[in-house]
Amino acid sequence: MRNWCLGVLAAFAMLVGTIMPAAAQLHVDVTQGNVQPLPIAIPDFVAATAGDETPAVNIAAVVRADLGRSGLFRPLSRKSFIQKITNINVPPQFSNWQVIKAQALVTGEAAMQPDGRLRVDFRLWDVYGGSQMLGLQYFTTPENWRRVAHMISDAIYKRITGEEGYFNTRIVFISESGPPTHRIKRLAVMDEDGANPVFLTNGSYLVLTPRFNPTAQMIAYMSYISGKPRVYLFDLETGHQQMLGNFPNMTFAPRFSPDGNKVIMSLEKHGNSEIYVMDLRTRAVTQLTDNPSINTSPCYSPDGKQITFESDRGGSQQIYVMNADGSNQHRISFFSGRAGTPVWSPRGDLIAFTKIEPGSFRIAVMHPDGSGERVITDGWQDEDPTWAPNGQVLMFTRSYPNGRADEIWSVDVTGRNEQRVNTPGPASDPAWSPLIQ
Amino acid sequence: MMKFSNAIKFAAILSVVALAGCAEKPKAVPAAPPAPPAAAAPAQVKTSSIVPGSAEDLRVNVGDTIHFAFNSSALNSTAKATLQRQAAWLQKYPAVTVQVQGNCDPRGTREYNLALGARRASAAKEYLVSLGVSPARVDTISYGKERPICAESNASCYAKDRRDVTVVTSGGATS
């Protein structure tokens, strides 16, 4: 767990010489949702030598699953394939892939190296254009094969959509067990596709609302480990956890600033919750709101210049925006119901939030000026959205009536592609990491 | 008081022994079908078996829980009456310290409900302090919506979850 990123540092990509000039007609517009997902053929990768079959087959399977889950691609059944790829360095027979209506084809090869590393090559082909769109090569430690697969998925996603991918990312979340009136909650991290789950706390105390820092090495979260609810930091490198600051009362709702140098959170005093920011280098604390009402769920804009938060100062829970120094606090949502948990898109263009109306909690998005509001989920109780680093997909907590276990779901920003996220049992409070470098 | 209560317990044990002594010796009889479980008889707790000044005394004889309207931390008349009894009890047992635990129903977002639970706990503390209880004796904590006592999703269940619970943290009498 500790060194999970180190192997990735060993993985690097290099462009493989193109066999044919690229024509680049293939394109998927991510803003249109999955109206017509792109048919893509991803045969098992070629094993360079006997013994390379396992990574060759597994990497292709992960790429198929990643791209299929995005809703923008439709991986075709391997049973329909006519041509068996045996050498990725010669162009495929495009007519064989046109017959099965594949628009894109991915070929690849896995090869264990004499030095113990795994080499993975892949090529992305435009089937109707008859050209190579992309060719990359990776070296990694063999146990890191899943990460290479996600990097390949991200490269394909980016080449075809023009947007950064989000498959080589991690999710920090709360793993739940036990009956509804005695839930046990544990801090956990996993890959974006649910693989490699690791539990970071043992469930003997309540933990809530974890969030990654920009390097995905540090987690800010809330813990009752001392008997008092306080914000803590968990260092994934060392496993060390520490209380953030020494405040006399509850601290909660933490999030890192985009540069990772600050944590913004709520601090409660005499039942009143205000938003504060702590500089992690100097430990200096600055109060940003001062208001006899609930002020919480703060989240920075990606440029760090503004903060969105929720407050009931106007009579009901609504979304506000202020400058990073606390000036110019203004309300941006005016719903007849309530609105909470605002999170600013990494692209800066949207704020996702929980829209509360009688009988329903749903995820919605709006522009930072409050315009263009769209509801994108329709569960019984959906809340606490978190953005993929490319700002195109969200995860959120989905709760059900009568104590049925919580689940984590994902939805694209159009609201068309809603999927349950693979978690090790019931789960809540997801937070998406940036792309792992 | 302790001795008196122990004496009652002792007397109760004696009477059980005496009853057992009167019982006939067991005879082999055809096994009767198992009796249906006794209809839940109200648990008859003798007031005298609860140690005055104990956590159980606060819970059973004073009342440790108050309830709130939806999304509100206002104290209604029932809540105030309970808190008045708690304040009088705390005056009577000056060594006791308590923690007021604020809770919410699940129909609110997690962080908002942490703040709302803190507001509810604080509202009770402020009222206790206004009645003469030292603020140093009353701690507060919010559990937001993390400690429901009722799993069904209906109005009566939510009403039970929207609560402050006052628990003894130190200085309470023990039996």
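With the requirement that a residue be farther than 15 Å from B:ALA124 by Cβ, aliphatic (A, V, I, L, M) and open to solvent by less than 40 Å² (accessible area, probe 1.4 Å), what does the range B:155-172 give you? The answer is B:ALA159, and nothing else.
Restricting attention to the range A:311-352, the residues being touching a residue at least 40 places away in the same chain (Cβ under 8 Å) and of a type in the set (Asp, Glu) number 1.
Keeping to the range B:60-89, report how many residues are in a helix (DSSP H, G or I) and within 14 Å of chain A (Cβ to nearest Cβ). Please lay out each step first, then the result.
Just the residues of the range B:60-89 that are in a helix (DSSP H, G or I), to begin with: B:60-63, B:77-89.
Then keep just the ones that are within 14 Å of chain A (Cβ to nearest Cβ); that gives none.
Count: 0.
Scanning the range B:150-169 for residues that are facing another protein chain (nearest Cβ under 10 Å) and in contact with a helix residue (DSSP H, G or I) (Cβ under 6 Å, 6 or more places away or on another chain) yields a count of 4.
Do the conditions hold for A:GLU164, that is, is it in a helix (DSSP H, G or I), under 23 Å from the mean Cα position of the chain (by Cα) and of a type in the set (Asp, Glu)? So A:GLU164 does not fit the description; no. One residue stands out in the range A:340-378 among those that are under 15 Å from A:TRP409 (Cβ atoms) and charged (D, E, K, R): the one that is modelled with the highest pLDDT, namely A:ARG362.
For B:ASN113, the criteria (1) open to solvent by less than 30 Å² (accessible area, probe 1.4 Å); (2) more than 16 Å from the chain's Cα centre (by Cα); (3) more than 8 Å from chain A (Cβ to nearest Cβ); (4) in contact (Cβ under 8 Å) with a residue 40 or more places away in the chain hold in every case but one, which is (4).
Does B:GLN99 fit the bill of being facing chain A (nearest Cβ under 10 Å), among the polar types (S, T, N, Q) and more than 26 Å from A:PRO342 (Cβ to Cβ)? The answer is yes for B:GLN99.
Given the residues A:LEU208, A:LEU288, A:LEU280, which is the only one that is of a type outside the set (S, T, N, Q) and within 20 Å of the chain's Cα centre (by Cα)? Quick ask: steps written out before the conclusion?
Working: A:LEU288 fails: within 20 Å of the chain's Cα centre (by Cα); A:LEU280 fails: within 20 Å of the chain's Cα centre (by Cα).
Of the residues listed, the single one that is of a type outside the set (S, T, N, Q) and within 20 Å of the chain's Cα centre (by Cα) is A:LEU208.
To keep it simple, each residue is scored yes or no on (1) hydroxyl-bearing (Ser, Thr, Tyr); (2) out of contact with any His (no Cβ under 9 Å at 6 or more places or on another chain); (3) at the interface with another protein chain (Cβ under 10 Å from one of its Cβ atoms); (4) open to solvent by less than 10 Å² (accessible area, probe 1.4 Å).
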{"site": "B:TYR93", "(1), (2), (3), (4)": "yes, yes, no, no"}
{"site": "B:GLY117", "(1), (2), (3), (4)": "no, yes, yes, yes"}
{"site": "B:ALA123", "(1), (2), (3), (4)": "no, yes, yes, no"}
{"site": "B:ASP139", "(1), (2), (3), (4)": "no, yes, yes, no"}
{"site": "B:SER142", "(1), (2), (3), (4)": "yes, yes, yes, yes"}
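For the range A:427-434, the condition of being outside any loop (DSSP other than H, G, I, E, B), charged (D, E, K, R) and within 13 Å of another protein chain (Cβ to nearest Cβ) holds for at least one residue.
Tell me the residue from A:GLY340, A:GLY370 that is of a type in the set (Gly, Ala, Ser), over 17 Å from the mean Cα position of the chain (by Cα) and crowded, with 20+ Cβ neighbours inside 10 Å, please.
Working: A:GLY370 fails: crowded, with 20+ Cβ neighbours inside 10 Å.
None of the other options fit; the residue is A:GLY340.
Is it the case that A:GLU310 is buried (at least 18 other Cβ atoms within 10 Å of the Cβ) and closer than 18 Å to A:SER333 by Cα? For A:GLU310, the condition - buried (at least 18 other Cβ atoms within 10 Å of the Cβ) and closer than 18 Å to A:SER333 by Cα - is met.
In the range A:46-59, what residues are in a loop (DSSP other than H, G, I, E, B), open to solvent by 10 Å² or more (accessible area, probe 1.4 Å) and touching a residue at least 40 places away in the same chain (Cβ under 8 Å)?
In the first step, residues of the range A:46-59 are kept if they are in a loop (DSSP other than H, G, I, E, B); the result is A:48-52.
Pick out the ones that are also open to solvent by 10 Å² or more (accessible area, probe 1.4 Å) and you get A:48-51.
If the condition is that a residue be in a loop (DSSP other than H, G, I, E, B), open to solvent by 10 Å² or more (accessible area, probe 1.4 Å) and touching a residue at least 40 places away in the same chain (Cβ under 8 Å), then A:ALA48, A:THR49, A:GLY51 are the ones that fit.
Against the definition (open to solvent by less than 10 Å² (accessible area, probe 1.4 Å), over 24 Å from A:LEU67 (Cα atoms), touching a Phe, Trp or Tyr at 6+ places or on another chain (Cβ under 8 Å) and not in a loop (DSSP other than H, G, I, E, B)), how does A:TYR157 come out, yes or no? When the stated conditions are applied, A:TYR157 does not pass them.
Residues of the range A:268-295 that are under 19 Å from A:ASN213 (Cα atoms), within 14 Å of chain B (Cβ to nearest Cβ) and of a type outside the set (A, V, I, L, M, F, W, C): A:TYR276 alone.
Checking the range A:381-399 against the condition returns no match, with no residue being assigned to a strand (DSSP E or B) and open to solvent by 30 Å² or more (accessible area, probe 1.4 Å). I need the full set of residues from the range A:106-143 which are surrounded by fewer than 21 Cβ atoms within 10 Å (Cβ to Cβ) and outside any strand (DSSP E or B), in order please. Once the filter is applied, which keeps residues that are surrounded by fewer than 21 Cβ atoms within 10 Å (Cβ to Cβ) and outside any strand (DSSP E or B), the range A:106-143 yields A:GLN113, A:PRO114, A:ASP115, A:GLY116, A:ARG117, A:TYR128, A:GLY129, A:GLY130, A:THR141, A:PRO142, A:GLU143. Only a single criterion out of (1) open to solvent by 20 Å² or more (accessible area, probe 1.4 Å); (2) modelled with pLDDT of 55 or more; (3) in a loop (DSSP other than H, G, I, E, B) is not satisfied by B:ALA39, namely (2). Any idea which residue in the range A:267-307 is surrounded by the most Cβ atoms within 10 Å (Cβ to Cβ), counting only those that are hydroxyl-bearing (Ser, Thr, Tyr) and touching a Leu at 6+ places or on another chain (Cβ under 8 Å)? That would be A:SER273.
Out of curiosity, is A:GLY178 open to solvent by less than 30 Å² (accessible area, probe 1.4 Å), of a type in the set (Gly, Ala, Ser) and over 25 Å from A:PRO298 (Cβ atoms)? In short, no.
Within the range B:126-140, residues that are touching a residue at least 12 places away in the same chain (Cβ under 8 Å) have Cβ atoms under 8 Å from residues that are charged (D, E, K, R) in these pairs: B:TYR127/B:LYS80; B:VAL138/B:LYS125; B:THR140/B:LYS125, counting only partners at least 6 apart in sequence or on another chain.
The values are calculated or read from the model by the stated rules, or taken from the named source; none is laboratory data. Just so it is clear, the model here is predicted, and its values are computed rather than measured. As a convention, Cβ positions derive from the backbone with ideal geometry for all residues, glycine included, and neighbour counts pool all protein chains shown. Please note that ligands, DNA and RNA were not included when accessible areas were found on the heavy atoms of the full protein model with its side chains. Shrake-Rupley method; radii C 1.70, N 1.55, O 1.52, S 1.80 Å.
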